[in-house]
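The block underneath contains the structure these notes are about, expressed in structure tokens.
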Amino acid sequence: MGPKLETTRFRLQLVGEKDHHFFLDLDSDLEVMKYLNGGRASTVEEVEGAIERIKLIFERYQGKFGLWNVFTKETGEFVGWILFRPCKKDPDNLDFIELGYRLKQKWWGKGVATELSLHMLDYGFNDLNVQDIFADTLLNNIGSQGVMKKIGMKFVKEFDHDEIIGDSGSRCVRYSIGKL
């Protein structure tokens, strides 16, 4: 089943097979997708493939890692999602975990990504004994880099990412934070 995760304002729920509409709604906003997917909306097929991959992550790691939908506690409104998984290039290393998030535009600039990310750092370091958590974003995604800095992550490197492609290319930065 996985852990029960929540913050002061938000409830996190493991992504399920019937959550396509949340992803399609989120990914239909081209401003949200500016830094992802080549700047275009995701197709139904891409969303279905993503949910299948997410299910495999949950199963492989007994629900400890994966992707959670985020809802407000107050109204139950869908806010976006947060990702917490082993690095795709080293999936057996449970000490090196990727953090990611995608939020509806309505929730930008309201401390949501920071609140959720800090919660996941706490979960990773204290509940799972993870040693290092990293996040990648496009070089021109200043908002996402701001969140990374606010949660204590430090710049690691600039590189060309083979999966993150925005409307301006694939040049990315990586930030990380280690367990104290």
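The values are calculated or read from the model by the stated rules, or taken from the named source; none is laboratory data. Since this is a predicted model, take the numbers as computed values, not measurements. Using ideal geometry, Cβ is built from the backbone for each residue, glycine included, and neighbour counts are taken over all protein chains shown. Note: areas computed on protein heavy atoms with side chains; ligands, DNA, RNA excluded. Shrake-Rupley method; radii C 1.70, N 1.55, O 1.52, S 1.80 Å.
In the set (1) open to solvent by less than 10 Å² (accessible area, probe 1.4 Å); (2) under 22 Å from GLU17 (Cα atoms); (3) touching a residue at least 60 places away in the same chain (Cβ under 8 Å), PHE84 fails one condition alone, (3). Of the set (1) modelled with pLDDT of 95 or more; (2) open to solvent by 40 Å² or more (accessible area, probe 1.4 Å); (3) closer than 22 Å to ILE54 by Cβ, all apply to LEU103 but (2).
Over 29 Å from ASP122 (Cβ atoms), open to solvent by 30 Å² or more (accessible area, probe 1.4 Å) and not in a loop (DSSP other than H, G, I, E, B): is that true of GLU59 in this structure?
No; evaluated as a whole, the condition is false for this residue.
The number of residues in the range 1-50 being in a loop (DSSP other than H, G, I, E, B), among the charged types (D, E, K, R) and either surrounded by 14 or more Cβ atoms within 10 Å (Cβ to Cβ) or in contact with a helix residue (DSSP H, G or I) (Cβ under 8 Å, 6 or more places away or on another chain) (or both) comes to 6. Is it true that some residue in the range 138-160 is within 24 Å of GLU52 (Cβ to Cβ) and either under 15 Å from the mean Cα position of the chain (by Cα) or exposed (fewer than 15 other Cβ atoms within 10 Å of the Cβ) (or both)? No, there is no match, as no residue in the range 138-160 is within 24 Å of GLU52 (Cβ to Cβ) and either under 15 Å from the mean Cα position of the chain (by Cα) or exposed (fewer than 15 other Cβ atoms within 10 Å of the Cβ) (or both).
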